[in-house]
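Undergrad: Have a look at this one before I ask anything.
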Amino acid sequence: MLTRLAWQLINMDIKEITRILEADIVYGEALNREITKVAAADLMSDVLSFSKEGALLLTGLTNSQVIRTAEMSDIGVICFVRGKKPQKNMLELGKERGIPLLATKLSMYEACGRLYQKGLQGCECN
């Protein structure tokens with residue numbers, strides 16, 4: 001089944017991603033975004049190198065640099081893994097920039113696996 005899905009472009013909205021990852025919407029419930037790719041990294045230099053416009057970023061980092069990197073990379077949604085929550089200044093910056101923020105208790109590995117099973121593709125290096 002995954003082989004067939006790999007050839008199709010799968011779109012998911014924030015509510016579907018939230019359901020799959022058993023995540024909480026920290027900010028952005030009213031923002032409707034279609035996500036087709038996933039990037040998973042704690043190194044923001046990696047995010048700058050391989051992320052795609054409108055992608056979901058899975059990360060364990062909770063500082064304002066994540067928001068700034070997401071903005072530069074046109075990331076559509078950020079989801080914090082391992083039960084992490086954004087710092088207050090990060091939450092404010094996310095609101096200011098209009099970037100939805102999610103939080104899940106899942107590990108990055110499991111979050112990636114669940115999204116892959118549902119057909120979302122990863123961002124690949126160019």
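Undergrad: Looking at Asp42 and the list (1) modelled with pLDDT of 90 or more; (2) under 15 Å from Asp13 (Cα atoms); (3) in contact with a Gly (Cβ under 9 Å, 6 or more places away or on another chain), which single condition is not satisfied?
TA: Evaluating Asp42 over (1) modelled with pLDDT of 90 or more; (2) under 15 Å from Asp13 (Cα atoms); (3) in contact with a Gly (Cβ under 9 Å, 6 or more places away or on another chain) leaves (2) as the failure.
Undergrad: Does the stretch 60-80 hold any residues that are assigned to a loop (DSSP other than H, G, I, E, B), touching a residue at least 24 places away in the same chain (Cβ under 8 Å), touching a Phe, Trp or Tyr at 6+ places or on another chain (Cβ under 9 Å) and among the hydrophobic types (A, V, I, L, M, F, W, C), and which are they?
TA: We begin by selecting, within the stretch 60-80, every residue assigned to a loop (DSSP other than H, G, I, E, B); these are 60-63, 74-76.
Imposing the further condition that a residue be touching a residue at least 24 places away in the same chain (Cβ under 8 Å) reduces the set to 60, 62-63, 75-76.
Then drop every residue that is not touching a Phe, Trp or Tyr at 6+ places or on another chain (Cβ under 9 Å), which leaves 60, 62.
None - no residue of the stretch 60-80 is assigned to a loop (DSSP other than H, G, I, E, B), touching a residue at least 24 places away in the same chain (Cβ under 8 Å), touching a Phe, Trp or Tyr at 6+ places or on another chain (Cβ under 9 Å) and among the hydrophobic types (A, V, I, L, M, F, W, C), so the list stays empty.
Undergrad: Restricting the search to the stretch 34-59, which residues are surrounded by 15 or more Cβ atoms within 10 Å (Cβ to Cβ) and in contact (Cβ under 8 Å) with a residue 60 or more places away in the chain?
TA: First, pick out the residues of the stretch 34-59 that are surrounded by 15 or more Cβ atoms within 10 Å (Cβ to Cβ): 35-41, 44, 46-47, 50-52, 54-59.
Across the stretch 34-59, the qualifying residues are Ile35, Thr36, Lys37, Val38, Ala39, Ala40, Phe50, Ser51, Lys52, Ala55, Leu56.
Undergrad: Within the stretch 6-23, restricting attention to residues that are surrounded by fewer than 18 Cβ atoms within 10 Å (Cβ to Cβ), of a type in the set (A, V, I, L, M, F, W, C) and touching a Lys or Arg at 6+ places or on another chain (Cβ under 9 Å), which residue is nearest to Leu93 (Cα to Cα)?
TA: First, pick out the residues of the stretch 6-23 that are surrounded by fewer than 18 Cβ atoms within 10 Å (Cβ to Cβ): 6-11, 13, 15-16, 19-20, 22.
Imposing the further condition that a residue be of a type in the set (A, V, I, L, M, F, W, C) reduces the set to 6-7, 9-10, 20.
Next, only the ones that are touching a Lys or Arg at 6+ places or on another chain (Cβ under 9 Å) stay: 10, 20.
Values: Ile10: 29, Ile20: 26 Å.
Across the stretch 6-23, the extreme among qualifying residues is Ile20.
Undergrad: Quick one: count up the residues across the stretch 94-126 that are part of a helix (DSSP H, G or I) and within 16 Å of Ala40 (Cα to Cα).
TA: Let us first name the residues in the stretch 94-126 that are part of a helix (DSSP H, G or I), namely 94-97, 108-117.
Narrowing the set further to residues that are within 16 Å of Ala40 (Cα to Cα) leaves 108-117.
Residues that pass the stated criteria total 10.
Undergrad: Give the number of residues within the stretch 104-126 that are closer than 15 Å to Ile25 by Cα and surrounded by fewer than 21 Cβ atoms within 10 Å (Cβ to Cβ).
TA: 2
Undergrad: Identify, from the list Val81, Val26, the residue that is at pLDDT 95 or above, in contact with a strand residue (DSSP E or B) (Cβ under 8 Å, 6 or more places away or on another chain) and surrounded by 14 or more Cβ atoms within 10 Å (Cβ to Cβ).
TA: Just one listed residue meets the conditions, Val81.
Undergrad: Which residue, of Leu31, Leu91, is in a loop (DSSP other than H, G, I, E, B) and touching a residue at least 60 places away in the same chain (Cβ under 8 Å)? So that I can check it myself, show each step before the final result.
TA: Values: Leu91 fails: in a loop (DSSP other than H, G, I, E, B).
The match here is Leu31.
Undergrad: Quick one: would you say Ala39 is touching a helix residue (DSSP H, G or I) at 6+ places or on another chain (Cβ under 7 Å), in a helix (DSSP H, G or I) and not polar (S, T, N, Q)?
TA: On the way: touching a helix residue (DSSP H, G or I) at 6+ places or on another chain (Cβ under 7 Å): yes; in a helix (DSSP H, G or I): no; not polar (S, T, N, Q): yes.
The answer is no for Ala39.
The values are calculated or read from the model by the stated rules, or taken from the named source; none is laboratory data. Quick caveat: nothing in here was measured; it's all calculated off a predicted structure. So basically every Cβ, Gly included, is an ideal-geometry build from the backbone, and we count neighbours across all protein chains shown.
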